[in-house]
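Before any comments, here is the structure.
The values are calculated or read from the model by the stated rules, or taken from the named source; none is laboratory data. These numbers were taken from a predicted model, which means no experiment stands behind them. Counting neighbours? That spans all protein chains shown, and the Cβs are built from the backbone with ideal geometry, glycine included. When the accessible area is computed, the model is the full protein with side chains, heavy atoms only, and any ligands, DNA or RNA have been set aside. Shrake-Rupley method; radii C 1.70, N 1.55, O 1.52, S 1.80 Å.
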Amino acid sequence: MNRPAKIDSPKRATNVSLVADMVDDAKRRGMNVSEACQAGLEAALKKAREAEWLAENREAIESYNRYIREHGLPFDEYRQY
């Protein structure tokens, strides 16, 4: 599984097309557009990795949930709530 980029990883220049009004508004507010794009890309990658993990582990998750439905939670009789 791919891991998030390290903070000290080298950067690569790239061309990104963004809505002009959004870029202008961000600059007026003193935002760093590159950092905002990177944060958005990191969030999208995290979401994609989570979806991949769920897909890869769906069978095990469903099996565990089925077991819990049939047998209850382990040590359930010792819970005090």
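Structure values in brief
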{"quantity": "The listed residue being in contact with a helix residue (DSSP H, G or I) (Cβ under 7 Å, 6 or more places away or on another chain), assigned to a helix (DSSP H, G or I) and open to solvent by less than 90 Å² (accessible area, probe 1.4 Å), out of Ala36, Ala48, Ala60", "calculated": "Ala36"}
{"quantity": "Tabulated pairs, segment 30-51, first at pLDDT 95 or above, second open to solvent by less than 80 Å² (accessible area, probe 1.4 Å) and β-branched (Val, Ile, Thr), C-beta under 7 angstrom, 6+ apart or interchain", "calculated": "Val33/Val23"}
